[in-house]
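I have placed the structure first, in the form of structure tokens, so that the comments after it can refer back to it.
The values are calculated or read from the model by the stated rules, or taken from the named source; none is laboratory data. All figures in this text were calculated on a predicted structure; none of them were measured in a lab. Backbone-built Cβ (ideal geometry, glycine too); neighbour counts: all protein chains shown.
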Ligand SMILES: Nc1ncnc2c1ncn2[C@@H]1O[C@H](COP(=O)(O)OP(=O)(O)O)[C@@H](O)[C@H]1O
Ligand SMILES: [Mg+2]
């Protein structure tokens, strides 16, 4: 049975290609590619796996049929999978009866609840490097054809270029911001060191110089580790581990860590956790990082004798928590910038040391769980940060 190449599909491919060139946001881009792939090849689903040469594994980066969190934890070995074969051979492959085919890596199907019947996999190659594969799964009618393969190969080639551009853009952007941010602490350290070399500087002032050096080197090292966290999250290289757990104990445990630092500053930390909360499917460690950062901000930017309230709540389809403080608050002109990287409200530099990366990291983590993070604040009165996560019925 010969298919006639349909003009419609070429037309569609052309439109998609133009569309891909128009975004440098990696997440948006990957999503568009997988939807275009399933659409172009008449498949039930499509996904992108990027190739990690050092680890010899492939990681899901986008899929039309998987939720972000499930997908992020999924790894496919290069040895023993069709995706791996396609990477090694640099050739497309069609598998028409996946359950019976030993080359198909079926171990993930319990996690994804997706039954693969047929599979069309093409390499994504740019500058002679294989960066990953594009897969179409389960042809809706009949089998994947030669024409489907050609279409997907053409899309894969375009996708590879677009992905590489988006990655480069992201990196250059992030790194130039980092370099910019390094200047201030380095300048402070350098000035302090110069002054210390002068014999006429009084003892007390010397002490202050040494403290500057200490706190600024601490800040630099915080910046380095936060920056790496953020770079991993932004490039999609962060791995998410889906755990099933209760939110209450997580909040209690995190509050216990922060109680001492709070009390040392004369602050009271209150907990409000309802008795019955539904269980949550999320990456527990990463959520803990979110709670820790919000609590540490509520401590840093509070007023003397202030309070901090950590509260959990739930409704039919969501669960969440809020961190409320009685601190300096945030003016309306700053509120819209709160989740931008390196942003610090003018004037807070004097209150506490920080990098301005914590809230960007929080936002990335929450969004990887399809959740939202919001801030409400009144200057002079305090702020409330609220995190909401959708409850999934497929626990
Ligand atoms: N609870 C809060 N009250 C007032 N301002 C806050 C609060 N939390 C964060 N901010 C402001 O937002 C900025 C960014 O927060 P974050 O990204 O966590 O960075 P950092 O804690 O390193 O300063 C802070 O520098 C501060 O200006
Ligand atoms: Mg912070």
Limited to segment 342-395, what total is found for residues that are more than 13 Å from ligand 2 (Cβ to nearest atom), without any contact (Cβ under 8 Å) to a residue 40 or more places away in the chain and part of a loop (DSSP other than H, G, I, E, B)?
3
Does segment 284-298 hold any residues that are crowded, with 22+ Cβ neighbours inside 10 Å and more than 9 Å from ligand 2 (Cβ to nearest atom), and which are they?
286, 287, 290, 291, 295, 298
State all residues of segment 127-145 that are within 22 Å of residue 10 (Cβ to Cβ) and either touching a residue at least 12 places away in the same chain (Cβ under 8 Å) or buried (at least 21 other Cβ atoms within 10 Å of the Cβ) (or both); if no residue qualifies, say none.
134, 135, 136, 139, 140, 141, 143, 144, 145
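Return the total of residues in segment 360-395 being out of contact with any strand residue (DSSP E or B) (no Cβ under 7 Å at 6 or more places or on another chain) and under 19 Å from residue 326 (Cβ atoms).
Going residue by residue through segment 360-395, those that are out of contact with any strand residue (DSSP E or B) (no Cβ under 7 Å at 6 or more places or on another chain) are 360-361, 364-365, 367-368, 378-381, 393-394.
With under 19 Å from residue 326 (Cβ atoms) added as a condition, the list becomes 378-381.
Total satisfying the criteria: 4.
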Would you check if there is a residue in segment 8-20 being under 18 Å from the mean Cα position of the chain (by Cα), surrounded by fewer than 17 Cβ atoms within 10 Å (Cβ to Cβ) and either in contact (Cβ under 8 Å) with a residue 12 or more places away in the chain or part of a helix (DSSP H, G or I) (or both)?
no
Would you tally the residues in segment 196-220 being farther than 30 Å from residue 343 by Cβ and part of a helix (DSSP H, G or I)?
6
Just to be sure I understand, how many residues within segment 221-272 are surrounded by 18 or more Cβ atoms within 10 Å (Cβ to Cβ) and closer than 28 Å to residue 164 by Cβ?
10
So, residue 323, is that one under 25 Å from residue 260 (Cα atoms), under 23 Å from the mean Cα position of the chain (by Cα) and outside any helix (DSSP H, G or I) or not?
yes
What are the residues in segment 365-388 that are surrounded by fewer than 22 Cβ atoms within 10 Å (Cβ to Cβ) and more than 19 Å from residue 331 (Cα to Cα), if any?
367, 368, 370, 371, 372, 388
Selection count, segment 100-123, where residues are out of contact with any strand residue (DSSP E or B) (no Cβ under 9 Å at 6 or more places or on another chain) and surrounded by 13 or more Cβ atoms within 10 Å (Cβ to Cβ):
3
In segment 299-319, which residues are part of a strand (DSSP E or B) and surrounded by 22 or more Cβ atoms within 10 Å (Cβ to Cβ)?
308, 310
Filtering segment 243-265 down to residues that are closer than 15 Å to residue 289 by Cβ and not in a helix (DSSP H, G or I), which residue is farthest from the chain's Cα centre (by Cα)?
245
For segment 302-310, indicate whether the set of residues that are in contact with a helix residue (DSSP H, G or I) (Cβ under 8 Å, 6 or more places away or on another chain) and either more than 11 Å from ligand 2 (Cβ to nearest atom) or at pLDDT 95 or above (or both) is non-empty.
yes
